[in-house]
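The structure appears right after this line, and notes come after that.
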Amino acid sequence: QVQLVQSGAEVKKPGASVKVSCKASGYSFTDYFVHWVRQAPGQGLEWMGWMNTNSGGTNFAQQFQGRVTLTRDTSISTAYMELSRLRSDDAAVYFCARGDSPHDFFEIWGQGTMVTVSS
Amino acid sequence: DIQMTQSPSSLSASVGDRVTITCRASQSISHYLNWYQQKPGKAPKLLIYAAASLQSGVPSRFSGSGSGTDFTLTISSLQPEDFATYFCQQNDATPLTFGGGTKVEI
């Protein structure tokens, strides 16, 4: 079936970087965009950006410009989100989600990856 | 950025109740409004897209309406499995934005 499977939980120190993977299966990876959304503990959902898995093009929310990198490896149908210069307020569950376009709703989500930032 | 404001932020209801949640956009977003249900420790689940289209497999007790800036999610008869948090999301423009959520409690 169509699914996105994310990498496991991470614990990082402030100032470090984290890289989360999102492996797609059950569909043609390069036919869809991958979006990233995060959710701080007890908080709402915050959209971070998208990747065009075909072209490699990306777009980010303003607050993540310069700190987030989205990449993909089409040979293994996997998208990656790397967030650098981690702060305590980056502690959150990070989700990948499949979209048809840059402006879309999300029918398929990964299970989420919890990132803890602690010294 | 388009701000999405949900109300109420929480509500208490009983099984069988009719529940209505509203979402207001800071500018017109036509029909580009979606609703999700989220349970603790899980990813959001798409319920309604394009303001009023029911996602496949979602029970018909869920319905959405509205256009422009004002939208509504209605649960016609609340079931035990519906106790969760609900979010709206606009996909008219990036950055895509979500409402703050409505927690539906017993």
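Bear in mind these aren't lab numbers, they're just calculated from the coordinates by the rules spelled out. Keep in mind the model is a prediction, meaning the values are calculated, not measured. Cβ sites come from the backbone with ideal geometry, for glycine too, and all protein chains shown count toward neighbours.
Summary table
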| read-out | value |
| --- | --- |
| Student exercise, region A:1-108 dipole from Lys, Arg, Asp, Glu Cβ charges, in Debye to nearest 20 | 420 debye |
| Distance (nanometres) between label positions extended 7 Å along Cα→Cβ at A:D73 and B:E81 | 3.7 nm |
| Separation between Cα centres of region B:13-92 and region A:7-69, rounded to whole Å | 24 Å |
| Size-normalised alpha-carbon gyration radius of chain A, reference 2.2 N^0.38 Å | 0.99 |
| Binned Cα-Cα distances of region B:1-93, short to long, each 5 Å bin given as a whole percent | 3, 14, 26, 26, 19, 9, 3, 0 |
| Shielding by partners - mean other protein chain Cβ count within 10 Å, residues of B:89-101 | 6 |
| Förster radius 30 Å - calculated FRET efficiency between A:A9 and A:Q63 (Cβ-Cβ, nearest 0.05) | 0.80 |
| Average other protein chain Cβ within 10 Å of Cβ, residues B:43-55 | 3 |
